[in-house]
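*Asks:* I have a structure here, written as structure tokens, and I will follow up with some questions on it.
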Amino acid sequence: MQYLPPKFLLFFSFLFLVQPLLSQTGVGNYRSGFERAGNIFRFSNDGADVQIEFCTSSMVRARTSWSRDFEDNEPWMVVRYEWPEVPVKAVEEKGRFVLETSTLKVIAHKSPFSVDIYSSDGELLSSESWNTAAGGAKREGDAVLCRKQMGLDEHFFGFGERMDFVDQRDKLVKLNVGRGTGRPHIIGAYNVLKANYCPVPFFMSTRGYGIFMHNSFATEWDMGATEPGSYSFKAKHGELDYYFIYGPKFPAILDQYTGLTGKAPLMPLFALGLQVGTYSGGTWGHEELTSTDYVVNLVRKFREMGIPLDILHLDSTWRVFGRNGGKGATTFEWRETFKNPGAMFDSLYAMHINLAGVHIRPRFDNGNKLNLLDQARQLGYTYPEADNPGEFVNFFDQDAVDWWWENGVMKVAELGARFVKTDEGSAFGHEANESDKVGPTGLQAERLHNVFPIAYAKAPYEKFMAFNGIRGMNHTREGYAGIQRYPFIFAGDWPSEWQYFAPVIKAGLNIGLSGVGNWAHCMGGFEHDADPELYIRWCQFGLLSPVAHLFGMDHPGYKEPWNYGDEALKIFKKYALFRYRLIPYLYSHSYEMYRTGMPLMRALALEYQDDENVYGIADQYLLGSQMMVCPVTVKGAQTRVVYLPEGAWFDYYTGKRYEGKQYLQVLTPLDEIPILVKGGAIIPMQEPMNYIGEKPVDHLTLEIFPHGASGFTLYDDDGKSLDYQDGAYSLTRIDCEETEKGITIQVNAPEGKYEVPERSYLLKIHTEKAPGAITANGGKLAALPDVASLESDSGGPGWFYDQKMKVLYVRPGGSSLSDTGVEIE
């Protein structure tokens, strides 16, 4: 690792010393009391006690307490505190302690006490001792902080749903759930620099480690912005408690971080289909136009136009706005314009909507007929505020959650609602969207502010999962470390203006780098009428996002695709159908995310950590492991520049091959979003359908871009139950190898406890040369006159080469329940 030369260290040390460090209190010198209890090592120092715990050989928890009493473990951010014994060799040497595992060497210096961490092969990863005055753990009034040396070539990624930058080196990052305030909105709520819907106090360094600050108070991360050569992380209050996680590769760091804060569970398979939100015909100011008929007719129109749709939610105007909290609270009382909500839900499900739900906010309110706020206050189920019993449901109290469910949510669930959109979790202890209310205040409210969105999302996720008898799905706006356990989260309320499009893409990249992979945004933008070109470009991106969510507040367009011109409608339908074809590919990567923490939408830095060219790229991403999507964010653009990391790449549409480590100018016709795929990519695709479950998935196309040796693992389960967590799933391994002699493709039989129904395969192989001969399982296949004869249900084994498109189609035949080998000469 590159560090600053001695003359610079002296200069920066001088700068630190002349700064008002007297207001900071360090931990002092080690004095005595070295204790070991299992994986935990405790050091008593003049000013504070330090506790170092080895969770694994590559993950260390470091805690500092100036009161010498460590806080109890909290349940919201971290899900695992018990760890098996880690072999640690502990040696006391002159002036220091050395704690060594198979992966890390932790050196605790005695005077003053500070911690340096090395890899087992001797590479310095993290140093506090480089500057005895400035480095290490400090207390600054009520705040606690830690300062470490920063390498010359070190870059930082993560921090949650940031909309400003991807690489945060030399930046000052402030994390506290909320968004900009003040008027006008363009410098308040719409200030991308203030966007903090889902901050996550975690980063990954290109030097091969990550740091997760385990503290729920507001934090500040100075990543070299004001102190060159060092970085620091500071919490407003509470304990200095952080985890150091060694990879050294980003996927390994992310796997450990999500193992600590919780893996993202699989949502129902149909959650990968199109999700639509509606104001039921009447947004704010037009509430009198809302109706059940509008909702039913909306879904009917999607069906008539052949645009697939699986999930629908009714946003805030379904309910009566109450007397106390107005739009910012929930009465659970239907607006009088909704004549028969139960019949509406019946109609939606009769048209094969897989899940329908409603929007809520976390405050109780009194309506015209229901007085839930009064009742909850009387029972003590609201969180107390400074001068009143409060309005917020106390989601930290299980009794309050149970009462909220039985007396509030069940008012809509018993009629047919099967999930809720939990909005405005940021308002607990923070200025609300539509008022100057801040809710609870004081130190405890500040401690709970950032984890309130987690408790808020957890309650309906778990309640509806039990009520529906299938996997949970929650739709939420705010989050913090651990929110990935209650999927999914969306990017918030960004207007339909070009200036917000690119920042929303950054938000998706950054939240994926922070362990949250089930992410959505309001494609086309939320407020304001969309420019049709912007609508098209944003929807192309949205339909290739982890969760595809269409929702707008503009009246009367509402982001419904037929309201933005014939061309927008045509292109929207094209990419909606493409998404549904990609469901097997997306679902297989959802399983990978559940298992490893790898998100569906991946910043290039996540897989190309050692390529400095990708650090600042904020408008390209990998969708899963095989496809690179390059949204067009400039109005009128006819071309755009893309960067190809190392390796071979293919234009998805043309099959043209490019070598990596270069920049490329690509054409951007309005009806195409540039997509490139890795050499060797194998992309499983199903037939398009109007909704998930419309018909059996008994035929898959395997689109293959041969290059060297490559493979893909296709995942199958029942799509609804939690049985996958007990091993009830199957994996189908698909391999491809291209050599000078030809191409070999192997499709193995599914393996696992889940019984995969019989299905046929069509291989769609991008290759420059027509084959000489093709065999499948040793038998020669016949050449057929056209691809239609291979694609039909009644078609038999054979092959066809499209000379113009340079695509070879092969139907190998045989049973999918047996291994199939294809040889192409």
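*Asks:* So if I check each of PHE41, PHE54, PHE12, PHE113, which one is buried (at least 18 other Cβ atoms within 10 Å of the Cβ), more than 27 Å from THR258 (Cα to Cα) and at pLDDT 95 or above?
*Replies:* Answer to the check: PHE113.
*Asks:* Moving on to the next point. Could you please give the count of residues in the range 179-221 that are β-branched (Val, Ile, Thr) and open to solvent by 20 Å² or more (accessible area, probe 1.4 Å)? I'd like the intermediate steps shown before the answer.
*Replies:* Narrowing the range 179-221 to residues β-branched (Val, Ile, Thr): 181, 186-187, 192, 200, 206, 211, 219.
Next, from what is left, pick out any that are open to solvent by 20 Å² or more (accessible area, probe 1.4 Å): 181, 186-187, 192.
The qualifying residues number 4.
*Asks:* Let me spell it out: the conditions are (1) open to solvent by 50 Å² or more (accessible area, probe 1.4 Å); (2) modelled with pLDDT under 95; (3) part of a helix (DSSP H, G or I), and ASP786 meets all of them except one. Which number is the exception?
*Replies:* Exception for ASP786: condition (3).
*Asks:* Still on this structure, please answer the following. Mind counting the residues in the range 599-608 that are in contact (Cβ under 8 Å) with a residue 60 or more places away in the chain and open to solvent by 10 Å² or more (accessible area, probe 1.4 Å)? Break it down into steps so the answer makes sense when it comes.
*Replies:* Pass one, the range 599-608, residues in contact (Cβ under 8 Å) with a residue 60 or more places away in the chain: 599-603, 605-607.
Then keep just the ones that are open to solvent by 10 Å² or more (accessible area, probe 1.4 Å); that gives 607.
Selection size over the range 599-608: 1.
*Asks:* Being of a type in the set (A, V, I, L, M), under 22 Å from TRP334 (Cα atoms) and open to solvent by less than 30 Å² (accessible area, probe 1.4 Å) is the filter here, so list the residues in the range 259-298 that pass it. Lay out the reasoning, then the answer.
*Replies:* Start the filter on the range 259-298 by keeping residues that are of a type in the set (A, V, I, L, M), which leaves 260, 264, 266-267, 269, 271-272, 274, 276, 289, 295-296, 298.
This time we only want the ones that are under 22 Å from TRP334 (Cα atoms), so: 276, 289, 295-296, 298.
VAL276, VAL295, VAL296, LEU298, listed by residue number.
*Asks:* Restricting to strands (runs of 3 or more DSSP E) lying wholly in the range 118-227: which have 1 or more residues that are of a type in the set (Val, Ile, Thr)? First the steps, then the outcome.
*Replies:* Working: elements: 124-126, 136-140, 143-149, 156-160, 172-175, 199-205, 209-213, 219-222.
Ranges flagged: 143-149, 172-175, 199-205, 209-213, 219-222.
Table: residues versus (1) of a type in the set (D, E, K, R); (2) farther than 22 Å from ARG485 by Cα.
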| residue | (1), (2) |
| --- | --- |
| PHE541 | no, yes |
| GLU560 | yes, yes |
| PHE572 | no, yes |
| ALA603 | no, no |
| ALA618 | no, yes |
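*Asks:* On to the next question. Residue by residue through the range 430-471, note down the ones that are among the hydrophobic types (A, V, I, L, M, F, W, C), closer than 22 Å to GLN484 by Cα and assigned to a loop (DSSP other than H, G, I, E, B). Can you show your working first?
*Replies:* Restricting attention to the range 430-471, the residues satisfying the condition of being among the hydrophobic types (A, V, I, L, M, F, W, C) are 432, 438, 443, 445, 448, 451-452, 454-455, 457, 459, 464-467, 470.
Then keep just the ones that are closer than 22 Å to GLN484 by Cα; that gives 448, 451-452, 454-455, 457, 459, 464-467, 470.
VAL451, ILE470, listed by residue number.
*Asks:* Only one of (1) among the polar types (S, T, N, Q); (2) open to solvent by 70 Å² or more (accessible area, probe 1.4 Å); (3) not in a loop (DSSP other than H, G, I, E, B) is not met by SER102, so which one is it?
*Replies:* If we test SER102 against (1) among the polar types (S, T, N, Q); (2) open to solvent by 70 Å² or more (accessible area, probe 1.4 Å); (3) not in a loop (DSSP other than H, G, I, E, B), just (3) comes out false.
*Asks:* Might you let me know whether the range 767-776 holds any residue that is of a type in the set (D, E, K, R), open to solvent by 30 Å² or more (accessible area, probe 1.4 Å) and touching an Asp or Glu at 6+ places or on another chain (Cβ under 9 Å)?
*Replies:* As a first pass, look at the range 767-776 and keep what is of a type in the set (D, E, K, R): 768-769.
Next cut, open to solvent by 30 Å² or more (accessible area, probe 1.4 Å) only: 768-769.
With the extra rule that they be touching an Asp or Glu at 6+ places or on another chain (Cβ under 9 Å), the set shrinks to none.
The answer is no, given that none of the residues of the range 767-776 is of a type in the set (D, E, K, R), open to solvent by 30 Å² or more (accessible area, probe 1.4 Å) and touching an Asp or Glu at 6+ places or on another chain (Cβ under 9 Å).
*Asks:* When you go through (1) in a strand (DSSP E or B); (2) open to solvent by 80 Å² or more (accessible area, probe 1.4 Å) one by one for VAL91, which number turns out not to apply?
*Replies:* Answer for VAL91: the failing condition is (2).
*Asks:* For the subset of the range 789-808 comprising residues that are assigned to a loop (DSSP other than H, G, I, E, B) and surrounded by 15 or more Cβ atoms within 10 Å (Cβ to Cβ), which member is modelled with the lowest pLDDT? Outline the logic, then answer.
*Replies:* Restricting attention to the range 789-808, the residues satisfying the condition of being assigned to a loop (DSSP other than H, G, I, E, B) are 792-797, 803-806.
Now narrow it down to the ones that are surrounded by 15 or more Cβ atoms within 10 Å (Cβ to Cβ): 795, 797, 806.
Working: GLY795: 72, PRO797: 95, LYS806: 96.
Ranking the qualifying residues of the range 789-808, first place goes to GLY795.
*Asks:* Continuing with this model, one more query. Kindly check whether there is at least one residue in the range 539-548 that is over 18 Å from the mean Cα position of the chain (by Cα) and either without any contact (Cβ under 8 Å) to a residue 40 or more places away in the chain or open to solvent by 10 Å² or more (accessible area, probe 1.4 Å) (or both). Steps first, please.
*Replies:* Within the range 539-548, the first condition is being over 18 Å from the mean Cα position of the chain (by Cα), and the residues that meet it are 539-540.
Now restrict to residues that are either without any contact (Cβ under 8 Å) to a residue 40 or more places away in the chain or open to solvent by 10 Å² or more (accessible area, probe 1.4 Å) (or both): 539.
Yes - at least one qualifying residue is present in the range 539-548.
*Asks:* Within the range 485-517, how many residues turn out to be open to solvent by 10 Å² or more (accessible area, probe 1.4 Å) and not in a helix (DSSP H, G or I)? Give the steps one after another, and end with the answer.
*Replies:* Residues of the range 485-517 open to solvent by 10 Å² or more (accessible area, probe 1.4 Å): 485-486, 493, 497-499, 502-503, 506.
This time we only want the ones that are not in a helix (DSSP H, G or I), so: 486, 493, 497.
Total satisfying the criteria: 3.
*Asks:* Ok, one more. Quick check on my filter: what residues within the range 241-258 are of a type in the set (S, T, N, Q) and open to solvent by 10 Å² or more (accessible area, probe 1.4 Å)? Spell out how you get there, then give the answer.
*Replies:* Pass one, the range 241-258, residues of a type in the set (S, T, N, Q): 256, 258.
The one that is of a type in the set (S, T, N, Q) and open to solvent by 10 Å² or more (accessible area, probe 1.4 Å): GLN256.
*Asks:* Within the range 369-384, can one find any residue that is among the hydrophobic types (A, V, I, L, M, F, W, C) and free of Cβ contacts under 8 Å to residues at least 12 places away in the same chain?
*Replies:* Initially, the range 369-384 is screened for residues among the hydrophobic types (A, V, I, L, M, F, W, C), giving 370, 372-373, 376, 379.
If we keep only those that are free of Cβ contacts under 8 Å to residues at least 12 places away in the same chain as well, we get none.
No.
*Asks:* Hey, another quick one. List pairs: first residue in the range 679-693 and closer than 14 Å to ILE765 by Cβ, second residue among the polar types (S, T, N, Q) and assigned to a loop (DSSP other than H, G, I, E, B) anywhere in the structure, Cβ distance under 6 angstrom, at least six positions apart or on different chains.
*Replies:* The qualifying pairs are ALA681/GLN626; ILE683/GLN626.
*Asks:* Another one. Specify which of the listed residues (LEU664, LEU702, LEU670, LEU722) is surrounded by fewer than 19 Cβ atoms within 10 Å (Cβ to Cβ) and in contact with a Phe, Trp or Tyr (Cβ under 8 Å, 6 or more places away or on another chain).
*Replies:* Details: LEU702 fails: surrounded by fewer than 19 Cβ atoms within 10 Å (Cβ to Cβ); LEU670 fails: in contact with a Phe, Trp or Tyr (Cβ under 8 Å, 6 or more places away or on another chain); LEU722 fails: in contact with a Phe, Trp or Tyr (Cβ under 8 Å, 6 or more places away or on another chain).
Of LEU664, LEU702, LEU670, LEU722, the one residue that is surrounded by fewer than 19 Cβ atoms within 10 Å (Cβ to Cβ) and in contact with a Phe, Trp or Tyr (Cβ under 8 Å, 6 or more places away or on another chain) is LEU664.
*Asks:* Within the range 386-402, take every residue that is modelled with pLDDT under 95 and either outside any loop (DSSP other than H, G, I, E, B) or small (Gly, Ala, Ser) (or both) and give me the one that is surrounded by the most Cβ atoms within 10 Å (Cβ to Cβ).
*Replies:* First, pick out the residues of the range 386-402 that are modelled with pLDDT under 95: 386-388.
If we keep only those that are either outside any loop (DSSP other than H, G, I, E, B) or small (Gly, Ala, Ser) (or both) too, we end up with 386, 388.
Values: ALA386: 11, ASN388: 9.
Across the range 386-402, the extreme among qualifying residues is ALA386.
*Asks:* Turning to a different aspect of this structure: Restricting attention to the range 634-643, does a residue exist that is within 14 Å of LYS678 (Cα to Cα), open to solvent by 30 Å² or more (accessible area, probe 1.4 Å) and touching a residue at least 12 places away in the same chain (Cβ under 8 Å)?
*Replies:* Taking every residue of the range 634-643 in turn, none turns out to be within 14 Å of LYS678 (Cα to Cα), open to solvent by 30 Å² or more (accessible area, probe 1.4 Å) and touching a residue at least 12 places away in the same chain (Cβ under 8 Å).
*Asks:* Out of the residues in the range 609-633 meeting the condition of being outside any loop (DSSP other than H, G, I, E, B) and over 18 Å from the mean Cα position of the chain (by Cα), tell me which one is surrounded by the fewest Cβ atoms within 10 Å (Cβ to Cβ).
*Replies:* Narrowing the range 609-633 to residues outside any loop (DSSP other than H, G, I, E, B): 612-614, 621-623, 627-629.
Now narrow it down to the ones that are over 18 Å from the mean Cα position of the chain (by Cα): 612-614.
Details: GLU612: 13, ASN613: 16, VAL614: 19.
It comes out as GLU612.
*Asks:* Answer yes or no as to whether MET163 is closer than 27 Å to ASP619 by Cβ and surrounded by 16 or more Cβ atoms within 10 Å (Cβ to Cβ). Let's see the steps before the verdict.
*Replies:* On the way: closer than 27 Å to ASP619 by Cβ: yes; surrounded by 16 or more Cβ atoms within 10 Å (Cβ to Cβ): yes.
Yes; evaluated as a whole, the condition is true for this residue.
*Asks:* Here's a follow-up. Of the conditions (1) touching a residue at least 40 places away in the same chain (Cβ under 8 Å); (2) open to solvent by less than 20 Å² (accessible area, probe 1.4 Å); (3) over 21 Å from LEU586 (Cα atoms), ARG811 satisfies every one except a single condition; which number is it?
*Replies:* Evaluating ARG811 over (1) touching a residue at least 40 places away in the same chain (Cβ under 8 Å); (2) open to solvent by less than 20 Å² (accessible area, probe 1.4 Å); (3) over 21 Å from LEU586 (Cα atoms) leaves (2) as the failure.
*Asks:* For LYS301, are the conditions met, namely being more than 22 Å from HIS549 (Cα to Cα) and open to solvent by 10 Å² or more (accessible area, probe 1.4 Å)? It would help to see each step written out before you state the result.
*Replies:* Working: more than 22 Å from HIS549 (Cα to Cα): no; open to solvent by 10 Å² or more (accessible area, probe 1.4 Å): yes.
Answer is no for this residue.
*Asks:* Can you confirm whether ALA491 is under 20 Å from GLY273 (Cα atoms), small (Gly, Ala, Ser), in contact with a Cys (Cβ under 8 Å, 6 or more places away or on another chain) and touching a residue at least 60 places away in the same chain (Cβ under 8 Å)?
*Replies:* Yes: the conditions hold for ALA491.
The values are calculated or read from the model by the stated rules, or taken from the named source; none is laboratory data. Just so you know, these numbers come straight off a predicted model, no measurement behind them. As a convention, Cβ positions derive from the backbone with ideal geometry for all residues, glycine included, and neighbour counts pool all protein chains shown. Side chains included, ligands, DNA and RNA excluded: accessible areas come from the protein's heavy atoms. Shrake-Rupley method; radii C 1.70, N 1.55, O 1.52, S 1.80 Å.
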